[in-house]
Amino acid sequence: MLKIQNTLNFARTGRTMMLAGAAFALTLAAADANTLRWARVGDALTFDPHSANEGPTSTLLHHIYETLVGRNTDGSLAAGLATEWSIHAEDPTIWVFKLREGVQFHDGADFTAEDVVFSMDRARSETSDFKGLHSSVAEVTAVDDYTVHVKLEGASPLYVQNLTNTFMVDKGWAEANGVVAPQDFKAGEENFAVRNTNGTGPYTVVSRDPEVRTVLAHFAGHWGDVPQVTEIIYTPIKEAATRVAALLSGEVDFVQDVPVQDIVRLEQTAGIKVTAGPENRTIFFGYDVSSEKLISANVDDNPFSKPQVREALALTLDRDAIQQVVMRGQSQPSGVAMPPFVNGWTEAMHVYSAPDYDKAKALLTEAGYPDGFSVDFHCPNDRYLNDEAICQAFVGMVGRIGVKANLVSQSRTIHFPAIQNNEVDFYLLGWGVPTFDSAYIFDFLIHSKEDKRGGWNGSRYSNPEVDAMIKSIATETDLVARNATVAKIWEKVQEDRVLLAVHNQLLAYAVKDGINLAAHPENQPKMTTVTFD
Amino acid sequence: MIAYILRRLAQSVLVMLVVALVSFSLFRFVGDPVATLMGQEATVADREALRERLGLNEPVYMQFADFAMRAVQGDFGISYRLQQPVAELILSRLPATLELAFISGIIAFVFGVGFGVYTALNRTGWLSNVIMTTSLIGVSLPTFLIGILLIWVFAVELQWLPSFGRGETVDVGSWRTGLLTPSGRASLVLPAITLGLYQMTLIMRLVRAEMLEVLRTDYIKFARARGLTNRAVNFGHALKNTLVPVITITGLQLGSIIAFAIITETVFQWPGVGALFINSVQFVDVPVMAAYLMMIALVFVVINLIVDLLYYAVDPRLRVDRAVARH
Amino acid sequence: MAEVLLSVRDLVVEFPTRRGVLTAIDHVSFDIHAGEVLGVVGESGAGKSLTGAAIIGLLEPPGRIAGGEILLKGKRIDNLGAEAMRRIRGKRIGMVFQDPLTSLNPLYTIARQLIETIRTHWDVSEKEARERAVALLDRVGIPAARRRIDEYPHHFSGGMRQRVVIALALAAEPELVIADEPTTALDVSVQSQIIDLIKEICAERGAAVMLITHDMGVIAETADRVAVLYAGRLVEIGPVRDVITAAEHPYTRGLMGSIPTLTQETDRLVQIPGAMPRLTALPTGCAFNPRCEQVLARCRADRPEPKCRGGARQVACWLHEQKAVDHV
């Protein structure tokens, strides 16, 4: 680790010759007691805190910037820059945040309510990628230096759940550097905030070489306890086999994205420890349940619109086989398209039945397709764990009752727009629930397509009764009543078989022995929680 | 001569514009950049607004014209993915790729010519057979597999060399080089071998075939009959004649090395333009993809030009200007 | 008669092939005297070029000398090591090949090729070598040699190139020059000039010439003695005048008929019906017996060895054995 420190010294003393690049120690010696070398598949795209609502970006930024509220590893909310939050006693449309006092930005400026107002406005601006999470916000005001009111257009009992990735920036710094708004691609100029940071987070940026290496060091002025990890060396390694090799060769200490096929082997490797845990992401199959006629089917009507066909498909799905063969045990088969952390989840819905091909075939015949039918089956191949292999397995399963699914496997960049634009009949999709509430599933996947809802409703499911219930839970402040409605919606969704759930993804972290880090449900591990033995 | 080079360079601009045009008409098949640019919460209206802002709703030819107009002025826009100016991104990644390509090109050339000459001169030796057989295996294994294999042996098992990255680098002006530090050089070994192996085999087989051909020629027999030493005959006369066709192929291979460094760069997490490109494709980062493809076109055009000039320098028969029949 | 420069004794050259070993040169013996021109004639495949290659030590593998010896001024050279043999090539035995268009390395100037050759055999400076090279070119009749020496082979015509080749072969002043069909590839108009040049320049330097050709006309005009090869065997050898006027082997007589005259151009060897047998299918006895008009029963059974026929002549033919017996 001596070399690294040299690097830092060089950078700090500002010599003309700058040393940079991936650090590696060819010795097997454990990393410095307080340095953690962290590898994962991709790098943060930008350091602008409101420009990319994307997993790896938020994960890294959580170390530099902070949010009002955070997320514990069990999914519950944690105090961040806000120490208390509540719905205003007199006006249910106002959320009140009490801010932490004595917090400093890296440049020494104090963190106050006006920074929150500024940050919220920035996150809601036209070029922000987070504006969707705050579309119901009417106004953010500073009541005093450490109290902020967020006024919503209507009551929203779960709005606070939307804040876990909305970072706070310093108003003065942003204005001084002309980064009042996030990157505008049209402007043709790079935003200062893309490469420069000034957060309140536990670490400051020492050096940054995008997609090569980012070095973070503990920020002495941070309000929290001093973490055991005082230096982070973050290196993206895209190729799964190389990532694992780097861990085995001792060049990194922590691999965040462990390939499913390597988990068992790594568990058996001396000196390596694998921590697995459920991820907040569910995988399901969707199909067009409402069109008169399918785009790609060889029949003149829409088989998916018939309940018997949907039930038949469900009866062909052998979730256990997919778990064992495709996922090598690294998944949590589920009867409902919802991870267990989410508000609204029940054990009863989670239970799934074993496949029954005879019954499925009988149902298909009853629905009028004794010889089955053929349809295109769209699948992403670069988004979810083994996405394409899951689809291939399912093609074989439905084939047993005569449904010929023609697999169309494409990049997510083609797959996702096709779903959003109602261009596919039958598809695989995954869904994470950052708000940890069923409403997030209903809003995007179940509600009819309209302005702000139903954007990912590729099933084209449209039920006015359900829509009304979905709208009602957005403003229902009585949590008991609200949960009852959520349960009712789920009951209808399950009864109508809108989504054919496959499983919830598990995530696995591999670390060197002597390093302790729990799996984070949103796959946003925080190095402040790392402990060394 | 100067006029010839200028004419060729002018042609290259045309080639690059055509490449850009073709790229632009293909990009829509790669996917929709808006899908990756916005979080899943974005509404239809949000997506539409962004699409409008990025000019993605314009017809392809308008997008191309806009791109070409700005590209001519050296402005390739801002990367959708990394939010940095594309020209700067590519220039910052180019040294890594060029160093890798150059070193692996040298490895491929030196060992390719060396092994090729050796196997041609010792057609029946056991070592020749070993080289030929090994090269056959080398050429039939995919680059990806070779890379992983090398990582496994030299990084994981033996722990002699790093498994990824570029090691420590030093900035010489705006050129970030890994050649000046021990770790930088160590990091270069495995990727350079991986990238150069296929080309080495190709050059070796080409050299061997050409050399065997040349060794059968009358001027080689005559050179031997004049009592010239084996060294002079094999390396002075035979090798130079062998290299004439080899230069063309090797030169063009250098272009391929740069263009096909993508896989090697991905396997070794080598921060070059190839890795940048493949990440850009997955993100549908149109500005980067367009600029990269134009750069590759430029590389091929320039290499072609250099090969032509080299060819001209090596083979006197091509210097037509002097060859006005004088007998 | 001058001293024996080169002596070939019972030379056997074999080619191992998949179907067995081919004997391409079968117990051939002859001498070349210092300063003389020995013509070697025969059809394609008779073993003329192979004999030359064997002498200069450039048989192409898998061909190999399987028997006999080759002596240069009484010292064996057929069993020399590669390096020792290399030193003889060019320096003591030179060689001129058939095709001047392909005998020169196209990528190097004439100067470079000459200087390289001279400096391989003589310990002289670059400058000195260059002077010698210019003088040589001048001698072989290249006009403006000093200027043209820096040109590339493709700048020269075929005849000029063969002159350059001769200059190269003679650069280190060898005692013997093997000229393997030196004019076959050339324009008829320059053929005799080249032959004359070889003869002249060798005479001047006292070098012997082994002139390999299938053209009896060239032999008649140039050679002192002639050796006739057929199917890898020596059938007749003797002074040119004797052989031409009174060929004793039926094959040689056939060859004589092929000398073109001023009035008529005949096809080569048109007088002898049939073709030379392949080495894989040689008849027993005399190899020529299937084509011979005077074939005897013995010719089909036993192989005739070259026998001395008085003076410097030798003939391998049972016909004369028979006559000799008759005379007794």
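Averaged per residue, what accessible area in Å² does segment A:281-505 show with a 1.4 Å probe, protein chains only?
On a per-residue basis, segment A:281-505 sits at 37 Å².
When the helices in chain B are scored as -39500 (n - 2.57) per DSSP H run of 4 or longer and the sum is shared across all residues, what 222 nm value do you end up with, to the nearest 500 deg cm²/dmol?
Dividing the helical sum by the residues of chain B leaves -23500 deg cm²/dmol.
Given the DSSP H assignment, sum -39500 (n - 2.57) over each helix run of at least 4 residues in chain A and divide by its residue total; what's the result at 222 nm in deg cm²/dmol, nearest 500?
-7000 deg cm²/dmol
Average the reciprocal distances over every distinct pair of alpha-carbons in segment A:281-505, invert the result, and give the Kirkwood radius in Å.
Radius from the Kirkwood sum: 17.6 Å.
Using the Cα atoms as the points, what is the convex hull volume per residue of the protein assembly as shown in Å³?
246
Add -39500 (n - 2.57) for each DSSP H run of 4 or more in chain C, then divide by its residues: what number comes out at 222 nm, to the nearest 500 deg cm²/dmol?
Helices in chain C give a 222 nm mean residue ellipticity of -10000 deg cm²/dmol.
May I ask for the accessible area buried between chains B and A, both sides summed, probe 1.4 Å, to the nearest 100 Å²?
Protein heavy atoms only, the B-A interface buries about 5500 Å².
If you roll a 1.4 Å probe over segment B:200-241 with all protein chains in place, what percent of the accessible area is carbon or sulfur?
Using a 1.4 Å probe with all protein chains present, segment B:200-241 comes out at 51 percent carbon and sulfur.
Return the percentage of antiparallel bridges among DSSP beta bridges fully within segment A:281-505, rounded to the nearest 5 %.
In segment A:281-505, DSSP labels about 60 percent of beta bridges as antiparallel.
Could you name the lysines whose alpha carbon sits less than 20 Å from that of C:Lys48, not counting residues in the same chain fewer than 8 places away?
B:Lys221, C:Lys199
So which lysines pass the test for A:Lys526, namely a Cα distance under 24 Å, with those fewer than 8 places away in the same chain ruled out?
A:Lys98, A:Lys238, A:Lys273, A:Lys512
Accessible area of segment A:281-505 with a 1.4 Å probe: how many percent of it is carbon plus sulfur?
Of the solvent-accessible surface of segment A:281-505, carbon and sulfur hold 49 percent.
Between 0 and 90 degrees, rounded to the nearest ten: what's the tilt of helix A:479-495 against the longest Cα principal axis of chain A?
Here the helix axis deviates by roughly 50 degrees.
Which of the residues in segment B:208-229 lose at least 40 Å² of accessible area when you go from the chain alone to all protein chains together (probe 1.4 Å)?
Residues shielded by partner chains are B:Asp218, B:Tyr219, B:Lys221, B:Phe222, B:Arg224, B:Ala225, B:Arg226, B:Gly227, B:Leu228.
Which FRET efficiency, nearest 0.05, do A:Asp358 and A:Thr529 yield, Cβ-Cβ r, R0 60 Å?
0.75
In segment B:170-198, which residues give up 20 Å² or more of accessible area once the other protein chains are added, compared with their chain alone (1.4 Å probe)?
Those are B:Val170, B:Asp171, B:Arg176, B:Ser183, which lose 20 Å² or more relative to the chain on its own.
Checking the cross-link filter: which lysines have an alpha carbon closer than 18 Å to that of A:Lys293, excluding same-chain neighbours under 8 positions apart?
The qualifying lysines are A:Lys306, A:Lys404.
From other protein chains only, count the Cβ atoms within 10 Å of every residue's Cβ in C:105-113, then give the mean.
Mean inter-chain Cβ contacts per residue within 10 Å come to 5.
Enter the angle in degrees (range 0 to 90, nearest 10) between the Cα long axis of helix C:188-205 and the first principal axis of the Cα atoms of chain C, meaning the one along which they spread out most.
Tilt of helix C:188-205: around 80 degrees.
Work out the FRET efficiency for A:Glu90 and A:Glu491 from their Cβ-Cβ distance, taking R0 = 30 Å, and round it to the nearest 0.05.
Approximately 0.30, to the nearest 0.05.
Work out which residues of segment A:441-485 lose at minimum 10 square angstrom of accessible surface when the other protein chains are put back, relative to the chain isolated, with a 1.4 angstrom probe, and list them by number.
A:Phe444, A:Asp451, A:Lys452, A:Gly455, A:Trp456
Under a 10 Å cutoff between Cα atoms, tell me which one of B:Arg70, B:Arg123, B:Arg317 has the largest fluctuation in the Gaussian network model of chain B.
So, out of B:Arg70, B:Arg123, B:Arg317, the one fluctuating most is B:Arg317.
Given an 8 Å cut-off on Cα distances and at least 6 residues of separation, report the relative contact order of segment A:378-528 as a percent.
Dividing the mean separation by the residue count of segment A:378-528 yields 16 percent.
For chain B, what number results from the quotient of the Cα radius of gyration and 2.2 N^0.38 Å?
Its radius of gyration relative to the 2.2 N^0.38 Å reference: 1.20.
What angle do you read, to the nearest 10 degrees and between 0 and 90, between the alpha-carbon axis of helix A:307-316 and the longest principal axis of chain A?
Computed tilt is about 60 degrees.
Applying 1/(1 + (r/R0)^6) with R0 = 51 Å to the Cβ-Cβ distance of B:Leu180 and C:Arg64, what FRET efficiency is obtained, to the nearest 0.05?
After rounding, the FRET efficiency stands at 0.35.
State in Å² the accessible area per residue of chain C; use a 1.4 Å probe, count heavy atoms of protein chains only, and round to the nearest integer.
Accessible area per residue, chain C: 44 Å².
Summing both sides, how much accessible area is buried between C and B? Use a 1.4 Å probe and give Å² to the nearest 100.
2700
How high is the relative contact order of segment A:69-175, in percent, with contacts defined as C-alpha pairs under 8 Å that are six or more residues apart?
Taking the mean separation of contacting Cα pairs over the length of segment A:69-175, I get 29 percent.
Using the Karplus curve 6.51 cos²θ - 1.76 cosθ + 1.60 with θ = phi - 60°, what ³J(HN,Hα) values do you get for each residue of segment C:308-314, in whole Hz, with x for Gly and Pro?
Result, ordered by residue: 5, 10, x, x, 9, 9, 9 Hz.
Positive end of the charge dipole of segment B:1-156 (Lys, Arg +1 and Asp, Glu -1 on Cβ, about the Cα centre): tell me which of B:Phe109, B:Gly77, B:Leu50 has its Cα farthest that way.
Projecting each Cα onto the dipole axis, the largest value belongs to B:Phe109.
For chain C, just say rounded, prolate or oblate: build the C-alpha gyration tensor, square-root its eigenvalues into a ≥ b ≥ c, call rounded for a/c under 1.5, and beyond that prolate if a/b exceeds b/c, oblate if not.
Prolate, because a/c is 1.5 or more and a/b exceeds b/c.
Run the dipole for segment A:281-505 about the Cα centre, Lys and Arg Cβ at +1, Asp and Glu Cβ at -1, nothing else charged, and hand back the magnitude in debye, nearest 20.
Around 340 debye, computed over segment A:281-505.
Using every Cα-Cα pair within segment A:101-256, state what percent have a distance larger than 20 Å.
61
Normalised radius of gyration for segment A:69-175, please: alpha carbon Rg relative to 2.2 N^0.38 Å, two decimal places.
Rounded to two decimals, the normalised Rg is 1.02.
Under the definition of Cα pairs under 8 Å and six or more residues apart, what whole-number percent is the relative contact order of chain A?
Relative contact order for chain A comes out at 19 percent.
Compactness ratio of chain A: Cα Rg over 2.2 N^0.38 Å, N = residue count?
The reported ratio for this selection is 1.03.
The values are calculated or read from the model by the stated rules, or taken from the named source; none is laboratory data. Quick caveat, the model's predicted, so the values are computed rather than measured. Quick reminder, even Gly has a Cβ in these numbers, built from the backbone with ideal geometry, and neighbours come from all protein chains shown. Accessible surface areas use protein heavy atoms only, side chains included; no ligands, DNA or RNA. Shrake-Rupley method; radii C 1.70, N 1.55, O 1.52, S 1.80 Å.
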